[in-house]
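K.L.:
Pasting in a structure now, in structure tokens, and then I'll have a few things to ask.
The values are calculated or read from the model by the stated rules, or taken from the named source; none is laboratory data. These numbers come from a predicted model, not from an experiment. Using ideal geometry, Cβ is built from the backbone for each residue, glycine included, and neighbour counts are taken over all protein chains shown. Remember, those area values only see protein heavy atoms, side chains included, never the ligands or the DNA or RNA. Shrake-Rupley method; radii C 1.70, N 1.55, O 1.52, S 1.80 Å.
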Amino acid sequence: MKFEDKHTFDKPAATVIKMFSDRVYFERKYKDLGFTDIEVLEHEKTDSKFRIKVRYVAKNDVALPEFAKKFIPAKMVVVQQDAWDLKRMTGRLEVEIRGTPVKVACDMTLKDEGKGSANLLKWTISCPIPLVGSKLEQLTADDIRAKAANDIATTRRILADY
């Protein structure tokens, strides 16, 4: 399953990429979103590249149908890796929800737009289980969409400090 989203900011792309390549941003954002047991597993930054891998615990806020409860836990251990090409301002995030068959990835393109900037997100969600895989993909997409408003509001609050 694929879908797109767009997050807009009131600061230029150069400022936003500075935030997106700051380890402190990720630690603060995940804490502000109410995630627990946040741990940076890997982190690297050069003049042209940034990558961070973080593990955290998040609650599943989507009401799950009975069949999905055996595949998606209410308390999810998530490992998320964000990687950015700082010169081209393109990135990719990959999400592993431990203990589930669902894989999530997102290609990102950050660019100046109007008086600010925008991050175009192209999501890909896959689940190889026959019969229920597409339903689990849809539930995961619904969860991402449900959390998007809070995620972007938190990111915009943090951006004010950059």
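K.L.:
What figure, in Å² to the nearest 10, do you get for the accessible area of residue 23 with a 1.4 Å probe and non-protein molecules left out?
P.N.:
90
K.L.:
Subtracting the Cα-Cα distance from 0.36 nm times the residue separation, let me have the gained length for residue 98 to residue 135 in nm, one decimal.
P.N.:
11.5 nm
K.L.:
Which whole-Hz ³J(HN,Hα) couplings does region 149-162 yield from phi under the Karplus relation 6.51 cos²θ - 1.76 cosθ + 1.60, θ = phi - 60°, glycine and proline marked x?
P.N.:
Per residue, the Karplus-derived 3J(HN,Hα) values read 4, 5, 4, 5, 5, 5, 4, 5, 4, 5, 4, 4, 8, 10 Hz.
K.L.:
What accessible area per residue, rounded to a whole number of Å², is obtained for region 60-162 using a probe radius of 1.4 Å?
P.N.:
53
K.L.:
Among the lysines, select those whose C-alpha is under 28 Å from the C-alpha of residue 135, and discard any that sit fewer than 8 residues away in the same chain.
P.N.:
Within the straight-line limit of under 28 Å, residue 135 reaches these lysines: 2, 6, 53, 59, 69, 70, 75, 103, 122, 147.
K.L.:
Using the Cβ atoms and a cut-off under 14 Å, what net charge is assigned to the surroundings of residue 131, where Lys and Arg are +1 and Asp and Glu are -1?
P.N.:
Overall, the nearby charge balance is +1.
K.L.:
Same structure again: Where the only charges are on Cβ atoms (+1 Lys, Arg; -1 Asp, Glu), what is the dipole of region 1-97 about its Cα centre, to the nearest 20 debye?
P.N.:
It works out to roughly 100 debye.
K.L.:
How big is Rg to Rh over the chain, alpha-carbon atoms, Rh as the Kirkwood inverse-mean-distance radius?
P.N.:
Rounded to two decimals, Rg over Rh is 0.97.
K.L.:
Continuing with this model, one more query. Taking the Cα centre of the chain as origin, work out the dipole magnitude from +1 charges on Lys and Arg Cβ and -1 charges on Asp and Glu Cβ, in debye rounded to 20.
P.N.:
40
K.L.:
Related question: I'd like the accessible area for residue 59: 1.4 Å probe, protein heavy atoms, all chains in place, Å² to the nearest 10.
P.N.:
Roll a 1.4 Å probe over it and residue 59 shows about 150 Å².
K.L.:
Related question: Of the GluC sites (Glu not before Pro) in region 45-119, which ones lie in a loop per DSSP and count no more than 12 other C-beta atoms within 10 Å?
P.N.:
Answer by residue number: there is no such site.
K.L.:
Oh, and also: Can you give the Rg to Rh ratio for region 1-83, taking only C-alpha atoms and Rh from Kirkwood?
P.N.:
1.04
K.L.:
Using only the alpha-carbon atoms of region 29-123, report the extent along each of the three principal axes, biggest first, to the nearest angstrom.
P.N.:
45, 29, 25
K.L.:
In Å and on Cα atoms, what radius of gyration and Dmax does region 60-115 show?
P.N.:
Both quantities, over Cα of region 60-115: 15.7, 47 Å.
K.L.:
How large is the Rg to Rh ratio of region 94-142 when both quantities use alpha carbon positions and Rh follows Kirkwood?
P.N.:
Reported Rg/Rh (Cα atoms, Kirkwood Rh): 1.16.
K.L.:
Carbon and sulfur together cover what percent of the accessible area of the chain at a 1.4 Å probe radius?
P.N.:
Carbon and sulfur: 52 percent of the exposed surface of the chain.
K.L.:
Given Cα pairs under 8 Å that are at least 6 residues apart, what percent is the relative contact order of the chain?
P.N.:
Dividing the mean separation by the residue count of the chain yields 27 percent.
K.L.:
For n ≥ 4 DSSP H runs only, could you compute -39500 (n - 2.57) per run for the chain, divide by its residues and tell me the 222 nm figure to the nearest 500?
P.N.:
The helix-only estimate for the chain comes to -9000 deg cm²/dmol at 222 nm.
K.L.:
Ok, one more. Can you grab the distance from the C-alpha centre of region 30-64 to the C-alpha centre of region 115-162, Å, no decimals?
P.N.:
14
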